[in-house]
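Below: the structure, in structure tokens.
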Amino acid sequence: MKTLPLDLGDRSYPICIGAGLLDRPELLTRHILGTRVAIVTNETVAPLYLARLRAHVASLKPVEVVLPDGEQYKSLEVLNRIFDALLAAHCDRRTTIIALGGGVIGDMAGFAAASYQRGVPFIQVPTTLLAQVDSSVGGKTGVNHPLGKNMIGAFYQPRAVIIDTDTLNTLPDRELASGLAEVIKYGLIRDPEFFTWLEVNLDKLLARDPEALAYAIHRSCRNKAEVVAADERESGVRATLNLGHSFGHAIETGVGYGNWLHGEAIAAGMVMASDLSRRLKWLSTADVARVEKLIRRAQLPVRAPSTLSTARFLELMAVDKKVLNGRLRLVLLKRLGEAVVTDDYPRAELEGTLASMREAA
Ligand code: NAD
Ligand code: GLY
């Protein structure tokens, strides 16, 4: 097992990465403060992994909340089911909430932990590649609104992130690819050596080579932990973690939550951000081709859906957390491995990207 620290002073926490960690009860129990525990998971993950987690806390008679599976259920209505279960079981302020699942469960359980009785302890046990390399680390929690992705939420850090890389063995190929989008993101925004490593080792990741996956998860978490430690509440550099997200969130909302996976939308969004960076003469045509080739090899889309018009895209992008004083700030690339956040781009160039980077109808 490898342990990375996320350094946030007295709210620092460990990110434990390794095979078989679901069978290491002490990793979990040392972070449980009170005598109550609630495990939040979904109907796909529960039959796979809930029994193993439950066994470690059986003496505490855990409350189990099994939600429906899917991005379309990441809503205030479904979040309320967590509160219903906690209140029905008389859970107190020292109840520890454990999120067992992908990013949807992690974000919802985290927001429930942030707001139940004004905040209870929280542990992340992520089981998708995307959640292991990104969403379980850094304390962004929340739910979607019909008008915009992740629009309701809170910054709320877990007490520990426990990543059992063996859980990836049951993950569908399409979900593995979705997680690779966020892995590639770290190479593009701040780790050019990792980008080159991914170009060399992508086939191993697609073949689920355990060593390659463990390396990619560790390096991704290290990148994320460094950025979050430097800017926990996104007043600066943390925004670069949203490369491709202004485009991607518009795609996810525009086609209906759950139709494009998060990583798929971010993949197309990163190619769009690269294209706009080329229009601003920061990236070369060859750079954009490298980005597009790696994303294509990862079995991810490189164009936005044909059904989203430029006008609809702009409308959707206007509801973005990076809009400040009516100007949409975008994460763009100065070069491969260096991101900037800027609102200084000609609108015509953005429209050029939106018009040209769509799938053929
Ligand atoms: P997800 O949670 O929907 O999981 C994907 C699918 O895999 C689901 O069907 C799930 O039931 C299934 N699954 C989970 N673990 C499995 C396993 N081990 N074996 C088999 N099936 C398994 O999606 P995701 O890609 O994990 O996360 C996407 C969400 O994360 C989005 O809502 C996105 O907004 C959010 N996100 C949040 C952050 C953050 O910083 N908080 C960062 C990135 C993404
Ligand atoms: N996924 C973006 C962030 O955590 O900031």
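The values are calculated or read from the model by the stated rules, or taken from the named source; none is laboratory data. All figures in this text were calculated on a predicted structure; none of them were measured in a lab. Note that each Cβ is placed from the backbone with ideal geometry, even for glycine, and that neighbours are counted across all protein chains shown. Heavy atoms of the whole protein, side chains included, go into the accessibility calculation; ligands, DNA and RNA do not. Shrake-Rupley method; radii C 1.70, N 1.55, O 1.52, S 1.80 Å.
Observations on the structure shown:
- Amide H contacts under 5 Å for Arg36, placed H, 5+ residues apart: Thr96
- Extent along the principal axes, Cα only, for region 189-249: 37, 26, 18 Å, with the longest axis given first.
- Rounded to the nearest 20 debye, the dipole magnitude of the chain is 480 debye, with +1 charges on Lys and Arg beta carbons, -1 on Asp and Glu beta carbons, and the Cα centre as origin.
- Amide H contacts under 5 Å for Ala160, placed H, 5+ residues apart: Gln124
- Label zone at Arg52, where the point sits 7 Å out along the Cα-to-Cβ direction: region 162-193 residues whose backbone N lies under 16 Å: 162-172
- For region 35-103 and region 229-273, distance of Cα centres in Å: 27 Å
- Normalised radius of gyration (Cα atoms, divided by 2.2 N^0.38 Å) for region 1-106: 1.11.
- Peptides 89-102, 2-15 ranked from most to least packed give 89-102, 2-15, packing being the mean of other C-beta atoms within 10 angstrom over each peptide's residues.
- Electrostatic tally near Lys61: other residues with Cβ closer than 11 Å to its Cβ, Lys and Arg +1, Asp and Glu -1, net +1.
- Diffusion constant of region 253-358 at 37 °C, which comes from Stokes-Einstein with the Kirkwood Cα-pair radius and 0.692 mPa s, µm²/s: 231 µm²/s
- With R₀ fixed at 45 Å, the C-beta to C-beta distance from Val200 to Ala88 puts the FRET efficiency at about 0.30.
- Taking only the Cα atoms of region 45-193, the ratio Rg/Rh comes out at 0.96, with Rh defined as the Kirkwood radius.
- Peptides ranked, highest mean first, by Cβ atoms within 10 Å: ranges 342-348, 17-23: 17-23, 342-348
- Here the calculated FRET efficiency for Val255 and Asp343, from their Cβ-Cβ distance with R0 = 30 Å, stands at 0.70, rounded to the nearest 0.05.
- Nearest-20 debye value, region 226-361 charge dipole, Cβ charges on Lys, Arg, Asp, Glu: 320 debye
- Phi-derived couplings, Karplus 6.51 cos²θ - 1.76 cosθ + 1.60 at θ = phi - 60°, listed residue by residue for region 71-88: 4, 5, 9, 7, 9, 4, 4, 6, 3, 4, 5, 5, 5, 4, 5, 5, 6, 4 Hz, with x used for Gly and Pro.
- Estimated dipole of region 1-160 in Debye, rounded to 20 [Cβ of Lys and Arg +1, of Asp and Glu -1, Cα centre]: 400 debye
- Backbone HN-Hα couplings from phi across region 157-165 [Karplus 6.51/-1.76/1.60, Hz, Gly and Pro as x]: 7, x, 8, 6, 10, 10, 10, 8, 5
- Ordered by solvent-accessible area of protein heavy atoms (1.4 Å probe), largest first, the residues Tyr73, Tyr156, Tyr49 come out as Tyr73, Tyr156, Tyr49.
- Expected-Rg normalisation [2.2 N^0.38 Å, Cα atoms] applied to the chain: 0.96
- Here the Debye sum runs over all C-alpha atoms of region 196-326 as equal scatterers in vacuum, and log10 of I(q)/I(0) at q = 0.09, 0.12 Å⁻¹ comes out as -0.31, -0.55.
- Under-5 Å amide H pairs with Lys140, H placed in peptide plane, nonlocal only: Tyr156
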